[in-house]
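K.L.:
The structure under discussion is supplied below as structure tokens; questions concerning it will follow.
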Amino acid sequence: MLREQNDIITQTHKVLDICLTATAFVCAYFIKRQLLPESLRGLTTAPNYYIVLLMIIIIWYVTFNVYGVYRSYRTRTYAQIFWNMTTAVSIGMLILGLSLYFFRITEISRLMIGLFYVFNIVLLAVNKGIVYRILTHFREKGFNSRNLLIVGSRERAKDVIESVGDHLVSGYRVLGCLDTDPGEVGKVVKKGLRVIGTVDQLKRILLERVVDELVFAMPLTKINNADKCIAVAEEMGVAVRILPDWQIHKLMYNPAIAHIRFQDFLGLPTMGLHSTPTDYGELIIKNAIDYIFAGIALLLALPLFLIVAAAIKTASKGPVFFQQERCGLNGRKFMLYKFRTMAIDAEERRHELGTLNEADGPVFKIKKDPRVIPFVGTFLRKTSLDELPQLINVLRGEMTLVGPRPPIPSEGEEYDIWQRRRLSMKPGLTCIWQSTSNRNDVGFEDWMKMDLSYIDNWSLGLDLRILLKTAAVVLTGAGR
């Protein structure tokens, strides 16, 4: 959910910029009117400065969008962000001047407009500098990182490695390179990074490693079945970048799922194929909602945590919480937390109950599971209260409120290629399947299709509808 370019990065970002712009205008107005030396102080009653401020808000809003002020910070330096913002403000000033001339607003103070220009750039620069520094800090700590796999091991591949090395704050990490020649495996390409396999092994490597983006840094015409390589990545939800020369037209390849975008990537022009949502502004809002809601919900739920913990301890020996390794975004492993609803030896007994499994595919489910703690465990599962500790996972950034449910690694290993794409979004507390009243009767393949439908049609509105449906399911005790 971390991609590079869109018309809007976030509505809140836009609102903040407009508020800072308005603040700069108001400051300039009062300084010119009351605080400057007497010879420069004062303003006439005409023109109507409210009208001028309204013109500025409209012009700045449009100009900032046109000049890409809200593109991702990940692939740009602060100097580039500052220059981009300053250019947009300067163009806005030019348009403002032409607009004032067109509407015959001639008595406006040029000194005040000059002060506004300076204040506006300073406020926006400070704001974006703070945001950039916060993002940089988290990326340097390893949060919000993106793993790259490079196809190619020569000059273009070296350019990518060099660009990533020059932009460590972007959060990108190169796992290694692939080559078409098996004899090149093990060779150091640059900065200690090696050729870790051949292009023919791409599918296996994507399944075994956490890969967020695949970068083709060699001519596609030199790769046998390059279209199949791209199709495999697309089907699994791994973003694809292609460095020029762009020869994809010679492959006669038309993406079945992905959206094509031409993008700047750390200073290198690329063509990107993305099989996951690209409304990055809404994605940022989604992440903000996750952290805010999880933090508040955990505080409010503390008394409930204590009650549930006491009930579990009374009904069964063993820990209150159940921890299990699950697969997260693009296969990242993390420990999922739940209230324990089964006997402490439940995992060991699973193999004994294999013949009773009522679910198809790699999922294991039994209607009347004998391992469940009587009454307490049954109640927690039917009301889905056992899932509450996953708010901790949301707060840790490993999960989101709404998204495909996280599988255990053994289940993920049995996925078909097309099913693997459900891992291309961060796993959630609830999903379309979880919010379905008859979810226990839904087949595994239909469940996977529900998750992919969610990914392909994602929006904040869809998340809200799923949360409301989940609440209804919880209240009716349809869980198991």
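Every number here is computed from the coordinates shown, using simple stated rules; none is lab data. None of the values given here were measured: they were computed from a predicted structure. In this analysis, Cβ positions are derived from the backbone assuming ideal geometry, glycine residues included, and neighbour counts consider all displayed protein chains.
K.L.:
Between beta-carbons, use under 11 Å as the cut-off and find the net charge around Phe334, counting Lys and Arg +1, Asp and Glu -1.
P.N.:
+3
K.L.:
Here is a further query. Can you give the charge dipole size of the chain about its Cα centre, rounded to the nearest 20 debye, using +1 on the beta carbon of Lys and Arg and -1 on the beta carbon of Asp and Glu?
P.N.:
Dipole of the chain, to the nearest 20 debye: 960 debye.
K.L.:
State the extension gain, in nm to one decimal, for the chain segment bounded by Arg349 and Leu16, taking 0.36 nm per residue of separation less the distance between their alpha-carbons.
P.N.:
Taking 0.36 nm per residue and subtracting the Cα distance, the gain is 114.3 nm.
K.L.:
Give or take rounding to whole Å, what are the principal axis extents of the alpha carbon atoms in the range 379-453, in descending order?
P.N.:
Computed over the range 379-453, the largest-to-smallest principal extents equal 32, 29, 23 Å.
K.L.:
Out of all Cα-Cα pairs in the chain, roughly what percent, to the nearest whole number, are more than 36 Å apart?
P.N.:
44
K.L.:
Work from the charge dipole of the chain (Cβ charges, +1 for Lys and Arg, -1 for Asp and Glu, about the Cα centre) and give the residue of Met112, Leu429, Ile56 farthest towards its positive end.
P.N.:
Met112
K.L.:
Angle between the Cα long axis of helix 460-476 and the longest principal axis of the chain, 0 to 90 degrees, nearest 10?
P.N.:
40
K.L.:
Any idea which of Val240, Gln323, Asn224 is furthest toward the positive side of the dipole for the chain, if Lys and Arg beta-carbons carry +1 and Asp and Glu beta-carbons -1?
P.N.:
Gln323
K.L.:
For a quick check: with amide H placed at 1.01 Å from N, whose amide H comes under 5 Å from Lys333's, ignoring anything fewer than 5 positions away on the same chain?
P.N.:
Placed amide hydrogens put Gly328 under 5 Å from Lys333.
K.L.:
Let me ask you something else. What angle, in degrees between 0 and 90 and rounded to the nearest 10, separates the Cα long axis of helix 78-102 from the longest principal axis of the Cα atoms of the chain?
P.N.:
So the inclination is approximately 50 degrees.
K.L.:
Something else: Work out, step by step, the length gained on full extension between Val442 and Ile366: first 0.36 nm times the residue separation, then minus their alpha carbon distance; give nm to one decimal.
P.N.:
26.0 nm
K.L.:
I've got another one for you. By average Cβ neighbour count within 10 Å, what is the ranking of 22-35, 334-347 from highest down?
P.N.:
Highest to lowest by the protection proxy: 334-347, 22-35.
K.L.:
Which order do Ser459, Ser384 fall in if you start with the one that has the fewest other Cβ atoms within 10 Å?
P.N.:
Result, fewest neighbours first: Ser459, Ser384.
K.L.:
Among the lysines, select those whose C-alpha is under 23 Å from the C-alpha of Lys313, and discard any that sit fewer than 8 residues away in the same chain.
P.N.:
Lys338, Lys368, Lys382
K.L.:
How many percent of the alpha carbon pairs in the range 11-140 exceed a separation of 23 Å?
P.N.:
36
K.L.:
Say the dipole of the range 11-140 comes from +1 at the beta carbon of Lys and Arg and -1 at that of Asp and Glu; which of Ile121, Ala79, Met93 then lies farthest toward its positive end?
P.N.:
So the residue we want is Ala79.
K.L.:
Treating the beta-carbon of each Lys and Arg as +1 and of each Asp and Glu as -1, no other charges, what is the dipole magnitude of the range 112-242 about its Cα centre, to the nearest 20 debye?
P.N.:
Dipole of the range 112-242, to the nearest 20 debye: 360 debye.
K.L.:
Once you have all Cα-Cα distances for the range 281-476, histogram them in 5 Å bins from zero and send the whole-percent values.
P.N.:
In whole percents, the pair-distance histogram is 1, 7, 15, 19, 22, 18, 11, 5, 1, 0.
K.L.:
What number, in percent, do you get for the relative contact order of the chain if the mean sequence gap of Cα pairs under 8 Å and at least 6 apart is divided by its residue count?
P.N.:
Dividing the mean separation by the residue count of the chain yields 13 percent.
K.L.:
Can you tell me what share of the DSSP beta bridges in the chain is antiparallel? A percent to the nearest 5 is fine.
P.N.:
If we restrict to bridges inside the chain, about 50 percent are antiparallel.
K.L.:
Counting Lys and Arg as +1 and Asp and Glu as -1, each charge on the Cβ, what is the dipole of the range 11-140 about the Cα centre in debye, to the nearest 20?
P.N.:
For the range 11-140, the charge dipole is close to 260 debye.
K.L.:
Can you say what percent of the DSSP beta bridges in the range 281-476, counting only those with both residues inside, are antiparallel? Round to 5.
P.N.:
Restricted to the range 281-476, the bridges split so that about 80 percent are antiparallel.
K.L.:
For the residue pair Ile57 and Glu413, what label-to-label distance in nm results when each label sits 7 Å from Cα along the Cα-to-beta-carbon direction?
P.N.:
So the label points at Ile57 and Glu413 sit 5.9 nm apart.
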